[in-house]
1. Charges at C-beta only: +1 for Lys and Arg, -1 for Asp and Glu. How large is the resulting dipole of the stretch 150-297 about its Cα centre, in Debye rounded to 20?
2. What Kirkwood hydrodynamic radius, in Å, does the stretch 76-152 give when the mean of 1/r is taken over all pairs of distinct Cα atoms and then inverted?
3. What ranking of LYS365, LYS316 emerges when the number of other C-beta atoms within 10 Å of each C-beta is taken as an exposure proxy, fewest first?
4. Mean-square fluctuation check for the chain, GNM, Cα pairs under 10 Å: which of ALA108, ALA37, ALA188 is largest?
5. Putting +1 on Lys and Arg Cβ atoms and -1 on Asp and Glu Cβ atoms, find which of THR206, ALA257, LEU164 reaches farthest to the positive end of the dipole of the chain.
6. Taking the Cα centre of the chain as the origin, how large is its charge dipole in debye, to the nearest 20, when only Lys and Arg (+1) and Asp and Glu (-1) carry charge on their Cβ atoms?
7. What relative contact order, as a whole-number percentage, does the stretch 150-297 give when Cα pairs under 8 Å and 6 or more residues apart are counted?
8. Helix-only mean residue ellipticity at 222 nm, the chain, DSSP H runs n ≥ 4 weighted -39,500 (n - 2.57), per residue, nearest 500. What is it?
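Coordinate-derived values only; no laboratory data. Because the structure is predicted, anything quoted here is derived from the model rather than measured. FYI the Cβ positions are ideal-geometry reconstructions off the backbone, even for glycines, and counts take in every protein chain you see.
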Amino acid sequence: MRKLLTTTAIAAVALMALSGCSTRTDSSGGGDASAAAGFAADSLIGVALPSKTSENWVLAGGLFEDGLKEAGFKGDVQYAGASTTVKDQQDQISAMVTKGAKVIIIGAADGGQLGTQVKAAHDAGAIVIAYDRLILNTADLDYYVAYDNFNVGELQGQALLDGLAAKKPAGPYNIELFSGSSDDANSAVFFNGAMSVLQPKIDDGTLVVGSGQTDIKQTATAGWKAENAQSRMDALLTSTYGDKTVDGVLSPNDTLARAVITSVKAAGKDIPVVTGQDSEAESVKSIMAGEQYSTINKDTRVLVAQAIDMVKVLQKGDTPEVNDTKSYDNGKKVVPAFLLPPVIVTKDNAGEAYANDPKLSPLTK
Ligand code: BGC
């Protein structure tokens, strides 16, 4: 039953994101009345992050620690462990509520399994902000702060088409599709964004999904784990590409992109056009070496700063600014969101895209 609800809600999110994709300019406050009173300037702020499935989560923890401290708050930053992620995170959020956190920022390990904890937080007077990943099926979520995830998918789909066209002037092109973990509400949004660009090209025969696996249930990568993407790619190569070339692979992030590339290399095949996301250092190196085709820059420093800015506004008893009050229906309410613009990065614009990033900029030289 829960599974069913989760899937339905994820579909609702994807649909809302799809229909709202060109109308993201409204900038009204959409906040919750609980913000009105404000709270002490040195209050406890909880940050519950998922396990470290990609570099962005590793970076976020340190940035929240430093940023909250600098703003005068007491930060309590926790990661869910690698194995019992959902239970870990539920317990961590409950502990933050008990300790009296005034705001709890959550990067959900499983967006469909936090309703009870979010309600408890809200009932205790805390304001709850979903960070990067939406939390589903709860009316107690106050805000959502993230990059525009549907647009991430659109950019990935377009990058795949551009990379294929640059490689060989005309189709048909053989491609395979990968999506993220089904317990992450972002996965369907990324996939639907990409398919909004790719589906017309599948329909007109420009793109051929060799395996025929186009359903998100078939393309999903449990736990966003590299080994799961690698073994699925191994199986696809064996079942479908014995004497054929795979020209392109839609990968939802960098970790999975590198797993796909590892699989193709091990099979002794040419590296296809592979998309990604997160600007992980290893993938930026791979892009500069001409292997991975693209990534997405969703600067974690900017997203964390945006979340902390919301906390500062709430502390004063004011309503944080949002720029989207239409797209993110979590199954119980449309969550007021602040969405940042993602940027597509290929070898061509990497230098420019990372010019102000001291860690990545040297890799593009
Ligand atoms: C994030 C991505 C990340 C993925 C796996 C998603 O929710 O938006 O940036 O690659 O989780 O950690």
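1. Numbers: 11 positive and 18 negative charges, 60 e Å.
Dipole size: approximately 280 debye.
2. Result for the stretch 76-152 stands at 12.5 Å.
3. On the way: LYS365 7, LYS316 11.
The order, fewest Cβ neighbours first, is LYS365, LYS316.
4. Most flexible of the set in this elastic network: ALA37.
5. Checked the options; the winner is ALA257.
6. Numbers: 32 positive and 43 negative charges, 80 e Å.
Once rounded to the nearest 20, the dipole reads 380 debye.
7. Values: 273 pairs, mean separation 39.9, N = 148.
In percent, rounded to a whole number, it is 27.
8. Numbers: 12 runs with 155 residues, N = 365.
Value at 222 nm, helices only: -13500 deg cm²/dmol.
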